[in-house]
Amino acid sequence: MSEDPTPVSDSPFRSEPSARDEAPQFVLPLVVRIEKAEPPARTDALETAARAVLTILADERSAGAGEWAGVMRDWQDARIRKVVRRARGAEWRRAEALPGITVTGKSAEVRVFPPVPLDGWPKDLARLQVSGTDLNDPEPPVDADPAAPVLWLNPDLGMSAGKAMAQAGHAAQLAWWELSDEERAAWHDAGFPLAARTADPARWSGLTGAGLPLVRDAGFTEIAPGSCTVVADHPALRREPHGPGPAASTRSE
């Protein structure tokens, strides 16, 4: 399991400008497999992307003297950027040949890679398309288990599946950062159970003011800067009574 190398007071998830903007910028690449005949379900793709982010954060290669530890620290010392690209057929096979971790959901496969410089993508990843990740759910998702972590998406924002996958990954990482070592270990040992759901419009305002980890977008793509995109509702982070409090936030790609 990896350890959080950064004190909470210097978290890269702060939304206000900071010295992190002056640091060299890296991006965490995620590639979702989208075959023409059998594309994954949208909700499963979001959940699988979130678990992929958690998996690389918890991987022993990301901690201490691990082979990915240095670049993971460099990435976390700057803004926490994530970009989702799509692949199929030979593209996917080439992506799988690169160092990384493939996480499989019910219908989705997502491969996460160690962070790379913004202008230093491996050619087999750089050639992959960012657009074209419009996915659908064949059936409406079942209600989320309130006893498990839920990533609540803003019901008023229309995001492509790729954009929403990156936002779900941000929210999962925010929750990871705020958990204790024991809580992280328990989540890891359970296989990172979580759900991604669009919030009921009537509940959204309450969720954003509940002191839970909150993703604010930087506005580089698709949506306006400062938009609240996802709330990470992890049971260990809920207040009793569930009341207002300072929410963690991040600006995202």
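The values are calculated or read from the model by the stated rules, or taken from the named source; none is laboratory data. Just so it is clear, the structure is predicted and the values come from calculations on it, not from any experiment. We place every Cβ from the backbone using ideal geometry, glycine too, and count neighbours over all the protein chains shown.
Yes or no: segment 119-141 includes at least one residue that is buried (at least 20 other Cβ atoms within 10 Å of the Cβ) and of a type in the set (Phe, Trp, Tyr). Write out each step before concluding.
The first filter runs over segment 119-141 and keeps only residues buried (at least 20 other Cβ atoms within 10 Å of the Cβ), leaving 125, 128, 133, 135.
Next, only the ones that are of a type in the set (Phe, Trp, Tyr) stay: none.
Within segment 119-141 (the criterion being buried (at least 20 other Cβ atoms within 10 Å of the Cβ) and of a type in the set (Phe, Trp, Tyr)), the answer is no, since none of the residues qualifies.
On the stretch given as segment 75-100, residues that are surrounded by fewer than 18 Cβ atoms within 10 Å (Cβ to Cβ) and of a type in the set (A, V, I, L, M, F, W, C) total 3. For segment 187-217, a tally of residues being over 17 Å from Asp145 (Cα atoms), out of contact with any Cys (no Cβ under 7 Å at 6 or more places or on another chain), in a helix (DSSP H, G or I) and not acidic (Asp, Glu) returns 6.
With respect to the stated conditions, Lys36 fails to be charged (D, E, K, R), in contact (Cβ under 8 Å) with a residue 24 or more places away in the chain and touching a His at 6+ places or on another chain (Cβ under 8 Å). For Val150, state whether it is of a type in the set (Val, Ile, Thr), touching an Asp or Glu at 6+ places or on another chain (Cβ under 6 Å) and either within 30 Å of Trp204 (Cβ to Cβ) or exposed (fewer than 14 other Cβ atoms within 10 Å of the Cβ) (or both). Answer is yes for this residue.
Of the numbered criteria (1) among the acidic types (Asp, Glu); (2) buried (at least 22 other Cβ atoms within 10 Å of the Cβ); (3) farther than 25 Å from Val83 by Cβ, the one Asp200 fails is (2). Among the residues of segment 181-220, just one is without any contact (Cβ under 8 Å) to a residue 24 or more places away in the chain and among the polar types (S, T, N, Q), namely Ser205. Against the list (1) touching a helix residue (DSSP H, G or I) at 6+ places or on another chain (Cβ under 6 Å); (2) within 22 Å of Ala186 (Cα to Cα); (3) among the basic types (Lys, Arg), the condition Arg51 fails is (1).
Suppose we filter Glu60, Glu67, Glu91 for residues that are of a type in the set (Asp, Glu), in contact with a Ser or Thr (Cβ under 8 Å, 6 or more places away or on another chain) and at pLDDT 95 or above; which single one remains?
Details: Glu67 fails: in contact with a Ser or Thr (Cβ under 8 Å, 6 or more places away or on another chain); Glu91 fails: in contact with a Ser or Thr (Cβ under 8 Å, 6 or more places away or on another chain).
None of the others qualify; the one that does is Glu60.
Got a number for residues in segment 55-97 being under 19 Å from Pro40 (Cα atoms) and in contact (Cβ under 8 Å) with a residue 60 or more places away in the chain? Residues in segment 55-97 being under 19 Å from Pro40 (Cα atoms) and in contact (Cβ under 8 Å) with a residue 60 or more places away in the chain: 6 in total.
In segment 117-128 there is no residue matching the filter, namely being of a type in the set (A, V, I, L, M) and over 21 Å from Ala164 (Cα atoms). Within segment 64-74, the set of residues being outside any helix (DSSP H, G or I) and surrounded by 18 or more Cβ atoms within 10 Å (Cβ to Cβ) comprises Trp68 only.
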